[in-house]
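Student: Dropping a structure here in structure tokens format, bear with me for questions.
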Amino acid sequence: MALKPASAPQRTAPWRWAWAGACLGLAWALLVFAPARWLAAALDQASQGQVQLADPLGTVWDGSAQLVLSGGKDSRDQSALPERLRWRLRPSFNGVSADILAECCMAQPLQLRAAPHWGGGELTLADSQSHWPAAWLAGLGAPWNTLQPEGTLTLATQGLVVDLNSGRMQLSGRAQLEAIDIASRLSTLKPMGSYRLTLAGGNPNTLQLETLKGSLQLTGSGQWVGNRLHFDGVATAAPERIDALSNLLNIIGRRDGARAIIKVG
């Protein structure tokens, strides 16, 4: 009885290895050289069109764009910073870190780190200070497009960490926003005053509003219950400035004589 010859070992065709290598190379190139417009599209969708990266250049990892505030989809209200925003992202095995610089408003880049975890993620901001034009807020639409604010916004953060877990937000650290020499087209009084808004993390997270100086006095406090902000405040005008500030008081809240009642949530 004749013996059958042993079958030759199967070999993978060379073209299959070449195809696999080409696919891996293409995937790597797409990852490394992903265009900045992909990041712009993601931010536009996440913010529902209220924060936009216009005219993006470079890549997702190292690029620049014009930072624009908008009233949202189909809104005609838009306002851009006078200089471009630049960013550099550095991925790692447990998240991504970023350096973000708006040369018009920052002396040094803002450093932040995003780390995903089960049920959400954590965003950590390095201590920072920046200065922004109040007029930029008009791009957000109502009521800012009516107020047309003028002045300078100074933002400072200290130990700020934002944790999102199963749709709930928890803060630690603090952020402080000072609105300096604020004016509005609704009032002939320029400036109306300077104000401080303080966000403090904890259980619950709290928000405090106070007046630093000025004829328009703003005070109030609030806290987050779940993901909803409950805030109560009062706006009052100095007796000799009621006429100059009357239109503004009507916009700020429910009018009650020489004051306006502010209520959110």
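The values are calculated or read from the model by the stated rules, or taken from the named source; none is laboratory data. Note that the structure is a prediction, hence the values are computed from the model and not measured. Counting neighbours? That spans all protein chains shown, and the Cβs are built from the backbone with ideal geometry, glycine included. Please note that ligands, DNA and RNA were not included when accessible areas were found on the heavy atoms of the full protein model with its side chains. Shrake-Rupley method; radii C 1.70, N 1.55, O 1.52, S 1.80 Å.
Student: (1) of a type in the set (A, V, I, L, M, F, W, C); (2) at pLDDT 95 or above; (3) within 30 Å of G167 (Cβ to Cβ): which one isn't true of C105, the others all being true?
Tutor: So the condition that C105 fails would be (3).
Student: Taking into account only those residues within the range 163-200 that are outside any strand (DSSP E or B) and among the aliphatic types (A, V, I, L, M), which is nearest to S128 (Cα to Cα)? Break it down stepwise before answering.
Tutor: Quick first cut of the range 163-200, residues outside any strand (DSSP E or B) only: 166-167, 184-192.
Filter again for among the aliphatic types (A, V, I, L, M), leaving 186, 189, 192.
Working: L186: 33, L189: 32, M192: 27 Å.
Among those that are outside any strand (DSSP E or B) and among the aliphatic types (A, V, I, L, M), it is M192.
Student: Output the number of residues of the range 248-265 satisfying the condition of being in a strand (DSSP E or B) and in contact with a helix residue (DSSP H, G or I) (Cβ under 8 Å, 6 or more places away or on another chain). Quick ask: steps written out before the conclusion?
Tutor: To start, the set of residues in the range 248-265 that are in a strand (DSSP E or B) comprises 254-256, 259-264.
Filter again for in contact with a helix residue (DSSP H, G or I) (Cβ under 8 Å, 6 or more places away or on another chain), leaving 255, 259-260, 262.
Residues in the range 248-265 being in a strand (DSSP E or B) and in contact with a helix residue (DSSP H, G or I) (Cβ under 8 Å, 6 or more places away or on another chain): 4 in total.
Student: Which is over 22 Å from C104 (Cα atoms) and open to solvent by less than 60 Å² (accessible area, probe 1.4 Å), of A175, A200, A179, A183?
Tutor: Only one candidate qualifies: A200.
Student: Still on this model: For the range 124-144, which residues satisfy the criterion of being surrounded by 17 or more Cβ atoms within 10 Å (Cβ to Cβ) and not hydroxyl-bearing (S, T, Y)?
Tutor: L125, W132, P133, A134, W136, L137, A138, G139, L140, G141, W144
Student: So which residues in the range 208-217 are more than 24 Å from the chain's Cα centre (by Cα) and open to solvent by less than 60 Å² (accessible area, probe 1.4 Å), if there are any at all? Steps first, please.
Tutor: Start the filter on the range 208-217 by keeping residues that are more than 24 Å from the chain's Cα centre (by Cα), which leaves 211-217.
Within the range 208-217, T211, G214, S215, L216 qualify.
Student: Might you check whether a residue that is more than 18 Å from the chain's Cα centre (by Cα) and either surrounded by fewer than 16 Cβ atoms within 10 Å (Cβ to Cβ) or assigned to a strand (DSSP E or B) (or both) occurs anywhere in the range 97-115? Steps first, answer last, please.
Tutor: To start, the set of residues in the range 97-115 that are more than 18 Å from the chain's Cα centre (by Cα) comprises 107.
Checking which are either surrounded by fewer than 16 Cβ atoms within 10 Å (Cβ to Cβ) or assigned to a strand (DSSP E or B) (or both) leaves us with 107.
Taking every residue of the range 97-115 in turn, at least one turns out to be more than 18 Å from the chain's Cα centre (by Cα) and either surrounded by fewer than 16 Cβ atoms within 10 Å (Cβ to Cβ) or assigned to a strand (DSSP E or B) (or both).
Student: Can you pull out every residue in the range 81-96 that is touching a strand residue (DSSP E or B) at 6+ places or on another chain (Cβ under 6 Å), in a strand (DSSP E or B) and open to solvent by 50 Å² or more (accessible area, probe 1.4 Å)? Spell out the reasoning first.
Tutor: Applying the first criterion (touching a strand residue (DSSP E or B) at 6+ places or on another chain (Cβ under 6 Å)) to the range 81-96 yields 81, 84-90, 94-96.
So of that shortlist, the ones also in a strand (DSSP E or B) come out as 85-90, 95-96.
Correct list: R86, R88, R90.
Student: Is it true that some residue in the range 68-83 is without any contact (Cβ under 8 Å) to a residue 12 or more places away in the chain and under 18 Å from L137 (Cα atoms)? Reasoning before the result, please.
Tutor: The initial filter retains those residues of the range 68-83 that are without any contact (Cβ under 8 Å) to a residue 12 or more places away in the chain, namely 74, 76.
Going one step further and asking which of them are under 18 Å from L137 (Cα atoms), we end up with 74, 76.
Yes - at least one qualifying residue is present in the range 68-83.
Student: Show the residue pairs meeting these rules: Cβ distance below 8 Å; 6+ apart or different chains; first residue within the range 201-216 and farther than 11 Å from R174 by Cα and part of a loop (DSSP other than H, G, I, E, B); second residue polar (S, T, N, Q) and open to solvent by 30 Å² or more (accessible area, probe 1.4 Å).
Tutor: Matching pairs, first to second residue: N203/Q170; P204/Q223.
Student: If you don't mind, there's one more thing I want to ask. In the list G159, G220, which residue meets the criterion of being in contact with a strand residue (DSSP E or B) (Cβ under 7 Å, 6 or more places away or on another chain), assigned to a strand (DSSP E or B) and buried (at least 18 other Cβ atoms within 10 Å of the Cβ)?
Tutor: Values: G159 fails: buried (at least 18 other Cβ atoms within 10 Å of the Cβ).
Being in contact with a strand residue (DSSP E or B) (Cβ under 7 Å, 6 or more places away or on another chain), assigned to a strand (DSSP E or B) and buried (at least 18 other Cβ atoms within 10 Å of the Cβ) holds for just one of G159, G220, which is G220.
Student: I'm checking my understanding of the structure. Among residues of the range 14-65 that are aliphatic (A, V, I, L, M), modelled with pLDDT under 55 and open to solvent by less than 80 Å² (accessible area, probe 1.4 Å), which one is farthest from S75 (Cα to Cα)?
Tutor: A18
Student: Let me ask something else about it. In the range 145-156, which residues are surrounded by fewer than 17 Cβ atoms within 10 Å (Cβ to Cβ), assigned to a strand (DSSP E or B) and more than 17 Å from the chain's Cα centre (by Cα)?
Tutor: Residue satisfying the conditions is T152 alone.
Student: Would you mind stating whether L245 is crowded, with 16+ Cβ neighbours inside 10 Å and either assigned to a strand (DSSP E or B) or over 21 Å from the mean Cα position of the chain (by Cα) (or both)?
Tutor: When the stated conditions are applied, L245 passes them.
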